[in-house]
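Notes for the one structure printed next.
The values are calculated or read from the model by the stated rules, or taken from the named source; none is laboratory data. This one's a predicted model, so the numbers in the text were calculated from it and none came from an experiment. Virtual Cβ from ideal backbone geometry, glycine too; neighbours counted across all protein chains shown.
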Amino acid sequence: MMTVAVLLLSLLLSDLTTSQIPNPTQYRFTLTTDGIARERYAIDKQVGKMSRLWFSNIGDEEFGGNQDIYVRDDGRTYLFNFMSQPRQCIANRGGPYNEMNYWPNLVQSFGGEQKKYDELIFDADCDGTCLTWKTEFNRTYEHYRYVNRLYVKKAEQKPIKMVTRAYNLDTGELVSTSITKFTNWITGKVPDYEYDYPMDLETCYKP
């Protein structure tokens with residue numbers, strides 16, 4: 001009887017876990033907006049390192065616009081600016097910048113990692129079933145109602161995309177759709193090369 005009870009509890013906990021928003025402490029992914037690569041994140045909170053790389057204005061993944069690297073052991077957040085002439089490196093005390101916590105901030109905006117999904121949707125980007133979470137808000141000065149929906153591939157518990165739709169507040173007519181995709185999503189220990197410094201730290205300005 002005890003074995004059956006433990007099995008049932010395990011199944012319930014497993015279902016609860018797989019129905020929540022994934023919020024790992026070690027991960028990598030590239031963020032694209034409407035098909036253009038914008039940023040790449042490499043986060044490993046267990047070892048205390050973070051990297052946020054902005055791609056160039058044209059979304060060319062071969063050329064970074066600039067990069068933040070936070071190293072807990074150094075107690076600094078390094079900003080490497082490749083767009084300036086000459087290139088710059090600034091070593092700021094403390095960190096990381098709040099923007100480097102993009103994924104936890106996004107999860108929180110959808111109700112936190114403990115929030116159960118709102119709806120199951122079949123979607124080609126998930127190769128089948130997606131778990132989805134939805135938020136809505138109005139911006140009266142724009143006169144739009146915004147609906148955000150986060151899609152997570154059910155089979156792999158992998159975040160796939162976020163779709164933002166804007167509707168006219170008066171007519172309900174769809175005004176625009178923007179799609180943010182999370183590509184090359186990998187969880188687990190992050191390789192050290194993700195945090196390789198692209199410039200000599202001796203050249204860094206230390207405010």
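Computed values, structure above
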| item | result |
| --- | --- |
| Options T164, T132, T180; residue that is touching a residue at least 40 places away in the same chain (Cβ under 8 Å), of a type in the set (S, T, Y) and assigned to a strand (DSSP E or B) | T180 |
| Candidates E156, E202, E142, filtered to the one that is over 25 Å from G112 (Cα atoms), in a loop (DSSP other than H, G, I, E, B) and either modelled with pLDDT of 95 or more or more than 16 Å from the chain's Cα centre (by Cα) (or both) | E142 |
| Residue check, R40 part of a strand (DSSP E or B), at pLDDT 90 or above and closer than 23 Å to S84 by Cα | yes |
| Of residues in segment 87-110 being assigned to a loop (DSSP other than H, G, I, E, B) and modelled with pLDDT under 95, the one surrounded by the most Cβ atoms within 10 Å (Cβ to Cβ) | P96 |
| Tabulated pairs, segment 68-90, first among the aromatic types (F, W, Y), second surrounded by fewer than 19 Cβ atoms within 10 Å (Cβ to Cβ) and not in a strand (DSSP E or B), C-beta under 6 angstrom, 6+ apart or interchain | F80/P198; F80/M199 |
